[in-house]
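Step one of this worksheet: look at the structure below.
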Amino acid sequence: MLHLYPTDDGSFTLFHEGLNEIYHSRRGALQESRHVFINAGLLYLLSQKEQINILEVGFGTGLNALLTVDFLLENPEKSVSYTGLETLEVPQELWEALSYPTQAGKPELASHFAQMHQCAWHEPIALTENFTFCKVLQSVAEFDSPACFDVVYFDAFAPKRQPEMWQPEIFAHLFAMMHEGGVLVTYCAKGQVRRDLQSVGFSVERLEGPAGKQEMLRARKGGEVEGWKGGKVKRRKG
Ligand SMILES: C[S@@+](CC[C@H](N)C(=O)[O-])C[C@H]1O[C@@H](n2cnc3c(N)ncnc32)[C@H](O)[C@@H]1O
């Protein structure tokens with residue numbers, strides 16, 4: 001059972017009764033999404049490449065996808081192919097009530113947002129000239145793809161609520177589906193999560209977190225980590 005839940009920046013999120021958990025930070029759904037996924041993930045990789053493939057683990061309300069398409073409309077020289085994995089569809093009355101396009105100051109994106117939610121699962125659509133979108137109704141553990149993703153928005157429920165999503169096996173599976181130089185970003189900065197990401201081969205940076213959180217993580221496949229604030233990063237050989 002899902003219902004609306006207000007957050008501190010004025011935007012709403014959803015509360016999942018079964019898990020007793022909310023979909024975003026109570027300090028602000030919009031600010032968290034912009035900080036963690038758009039700024040630390042999308043903008044970071046698009047500063048290095050013109051075209052990228054994004055995998056979102058937990059499409060949910062569609063907020064991250066909406067903010068991504070917003071950036072692409074403002075930056076027509078860049079292009080993105082976006083895959084959103086999900087296991088639980090958000091009902092229409094809830095994604096409509098969230099009214100994220102208006103909350104984000106972009107009411108003109110309402111039809112893009114509706115299309116994301118209403119399009120068929122597993123069928124890619126060209127939402128704009130530079131943004132291809134596909135929703136996949138499948139668990140991340142079962143989803144498979146060639147190594148093609150440049151950015152992974154890892155937006156699972158918190159480890160204490162859904163520990164099976166934060167296992168080294170899941171991180172290894174995502175690592176295998178990513179391009180060299182690709183990054184996985186997550187709001188979670190737990191030491192165990194950082195060590196598990198490192199154990200499967202990622203180089204991990206701790207970055208300043210969104211409001212209410214000291215840190216977040218950005219894990220890179222290959223290459224050295226810039227701005228590492230912690231100890232020596234161990235990289236798996238081979
Ligand atoms: C913290 S919410 C975030 C959702 C979304 N990114 C948003 O901004 O609304 C986590 C999402 O992961 C989804 N999820 C749960 N288990 C999953 C799985 N095994 N594979 C893919 N997604 C899953 C949930 O249904 C939920 O929508």
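When the residues of region 91-150 are filtered to those that are of a type in the set (S, T, N, Q) and within 24 Å of Met165 (Cα to Cα), the one that is most open to solvent (accessible area, probe 1.4 Å) is Gln138.
I want to confirm something. Restricting to region 89-112 and keeping residues that are within 12 Å of the ligand (Cβ to nearest atom) and free of Cβ contacts under 8 Å to residues at least 60 places away in the same chain, which single residue is farthest from Asn64 (Cα to Cα)? Filtering region 89-112 for residues that are within 12 Å of the ligand (Cβ to nearest atom) and free of Cβ contacts under 8 Å to residues at least 60 places away in the same chain, the one farthest from Asn64 (Cα to Cα) comes out as Glu89. So, in region 63-87, of the ones that are assigned to a loop (DSSP other than H, G, I, E, B) and out of contact with any strand residue (DSSP E or B) (no Cβ under 8 Å at 6 or more places or on another chain), which residue ends up nearest to the ligand (Cβ to nearest atom)? Ranking the qualifying residues of region 63-87, first place goes to Asn75. Consider region 16-46 and keep the residues that are free of Cβ contacts under 8 Å to residues at least 24 places away in the same chain and under 18 Å from the mean Cα position of the chain (by Cα). The one that is least open to solvent (accessible area, probe 1.4 Å) is Ile22. Cβ separations smaller than 8 Å between residues 6+ apart or across chains give the following pairs from region 158-179 residues that are touching a residue at least 12 places away in the same chain (Cβ under 8 Å) to residues that are of a type in the set (Asp, Glu) and assigned to a helix (DSSP H, G or I): Trp166/Asp196; Gln167/Asp196; Pro168/Asp196; Ile170/Glu164; Phe171/Asp196.
If only residues of region 119-141 that are within 16 Å of the ligand (Cβ to nearest atom) and free of Cβ contacts under 8 Å to residues at least 40 places away in the same chain are counted, the one that is nearest to the chain's Cα centre (by Cα) is Ala141. In the set (1) out of contact with any Gly (no Cβ under 7 Å at 6 or more places or on another chain); (2) touching a residue at least 60 places away in the same chain (Cβ under 8 Å); (3) assigned to a helix (DSSP H, G or I); (4) within 15 Å of the ligand (Cβ to nearest atom), the condition left unmet by Gly60 is number (3).
The values are calculated or read from the model by the stated rules, or taken from the named source; none is laboratory data. From a predicted model like this one, the values you see are computed outputs, not experimental measurements. Cβ coordinates were reconstructed from backbone atoms using ideal geometry, including for glycine residues, and neighbour counts include every protein chain displayed. These area figures cover heavy atoms from the full protein model, side chains too; ligands, DNA and RNA do not enter into them. Shrake-Rupley method; radii C 1.70, N 1.55, O 1.52, S 1.80 Å.
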